[in-house]
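Trainee: Sharing a structure here in structure tokens format.
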Amino acid sequence: MKILVIEDDKQTAETIRDVMKDYYAVDVAGNGEDGEYKASINDYDAIVLDIVLPDLSGIEVCKKIRENGIKTPILMLTGRLETKDKVTSLDAGADDYLTKPFKFAELLARLRALMRRNPDTLPSNILQVDNLTLDTTTNKVKINSDEIELRRKEFGLLEYLMRNRGRVVTRSMVLEHVWDSDTDPATNTVDVHINSLRGKIGKPLIKTVHGLGYKIEK
């Protein structure tokens, strides 16, 4: 899953990215204009948006994102304590807010809650295909009762394939959803991770659709 963080404070943005990188692919925008642009051209599972930005305010960015028809869950970060700011954020289209300073465990928990509420994502944290199960809460993958050890990108790749089971996903789609946006599109990293994943799963669950991409059957 992929998160966009719109935050002008570089240290805060990098800390959030470091905390999240074990769970999600993360893009960072340092101002409102760049954040709005990235939100318009990429498909994110959630957006973390600071209310105070150097060009546009977070409120303005939130409004523009919603005016563009983007329904991605938005978590607003605010250092302000006034109720009116929180109300304004929600009225602008934000789904939740978190007051600075905050605990990163709470940030992750709120993001998980927002993504569960998003109608475009599956309502359960447990994904299952045949006897393969993936738990997005514990980050565990099992075949029957046997746990399979996966690296972070392998886990993200498998989750994306399972969430799109029955559909063909192209390499570019996988890169967009599982890797950060600055990944070289010419890289063969998707193929390498697919091969590694197949070896660990131990059966031909992931099908190659020649000339198109990959898919997991329903």
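Just so you know, all these numbers are worked out from the coordinates, no wet-lab data involved. In this text, all values refer to a predicted model and were calculated from it rather than measured experimentally. Every residue, glycine as well, gets a Cβ built from its backbone with ideal geometry; the counts of neighbours run over all protein chains shown.
Trainee: Expressed as a rounded percentage, what relative contact order does the range 2-117 have, with Cα pairs under 8 Å and six or more residues apart?
Mentor: Across the range 2-117, relative contact order equals 23 percent.
Trainee: Further, regarding this structure: Counting helices only, and only those DSSP H runs with n ≥ 4, report the 222 nm mean residue ellipticity of the chain as the sum of -39,500 (n - 2.57) divided by its residues, in deg cm²/dmol to the nearest 500.
Mentor: Computed mean residue ellipticity for the chain: -12000 deg cm²/dmol.
Trainee: Go through 147-153, 46-52 and give me the packing order, highest mean Cβ count within 10 Å leading.
Mentor: 46-52, 147-153
Trainee: Which whole-number percent gives the relative contact order of the chain, counting Cα pairs below 8 Å spaced six or more residues apart?
Mentor: So the answer I get is 16 percent.
Trainee: What is the antiparallel percent of DSSP beta bridges lying wholly in the chain, to the nearest 5?
Mentor: 50 percent
Trainee: How big is the charge dipole of the chain about its Cα centre, in debye rounded to the nearest 20, if each Lys and Arg gets +1 on its Cβ and each Asp and Glu gets -1 on its Cβ?
Mentor: Rounded to the nearest 20 debye, it is 980 debye.
Trainee: On to the next question. What does the charge count around residue 9 come to, taking other residues whose C-beta lies under 11 Å from its C-beta (Lys +1, Arg +1, Asp -1, Glu -1)?
Mentor: -2
Trainee: Hey, what do the phi angles of the range 84-97 turn into as Karplus ³J(HN,Hα) couplings, whole Hz, using 6.51/-1.76/1.60 and θ = phi - 60°, x for Gly and Pro?
Mentor: 4, 5, 5, 5, 4, 4, 5, 5, 6, x, 5, 8, 6, 9
Trainee: Relative contact order (percent) for the range 126-216, with alpha-carbon contacts under 8 angstrom and 6 or more residues of separation?
Mentor: 28 percent
Trainee: Are any of the pairs 2/86; 2/100; 21/200; 100/140; 2/207; 153/215 more than 20 Å apart by Cα-Cα distance, and if so, which?
Mentor: 2/86; 2/100; 21/200; 100/140; 2/207
Trainee: Also, quick follow-up: Using the charge dipole of the chain (Lys, Arg: +1 at Cβ; Asp, Glu: -1 at Cβ; taken about the Cα centre), state which of 4, 62, 133 has its Cα farthest towards the positive end.
Mentor: 133
Trainee: Tabulate in residue order the Karplus-calculated ³J(HN,Hα) for the range 100-111, using 6.51 cos²θ - 1.76 cosθ + 1.60 with θ = phi - 60°, rounded to whole Hz; enter x for Gly and Pro.
Mentor: Per-residue couplings from phi come out as 6, x, 9, 8, 5, 5, 6, 4, 5, 5, 5, 5 Hz.
Trainee: Out of residues 5 or more away from residue 49 or on other chains, whose amide H comes under 5 Å of its own, with H placed 1.01 Å from N in the peptide plane?
Mentor: HN-HN under 5 Å from residue 49: 6, 75, 76, 77.
Trainee: Using θ = phi - 60° and the Karplus form 6.51 cos²θ - 1.76 cosθ + 1.60, what ³J(HN,Hα) does each residue of the range 21-33 get, whole Hz, x for Gly and Pro?
Mentor: Ordered by residue, 3J(HN,Hα) equals 5, 7, 10, 9, 7, 10, 9, 10, 10, x, 8, x, 5 Hz.
Trainee: Considering only 74, 31, 53, whose Cα is most displaced toward the positive end of the charge dipole of the range 2-117, charges sitting on Cβ of Lys, Arg (+1) and Asp, Glu (-1)?
Mentor: 74
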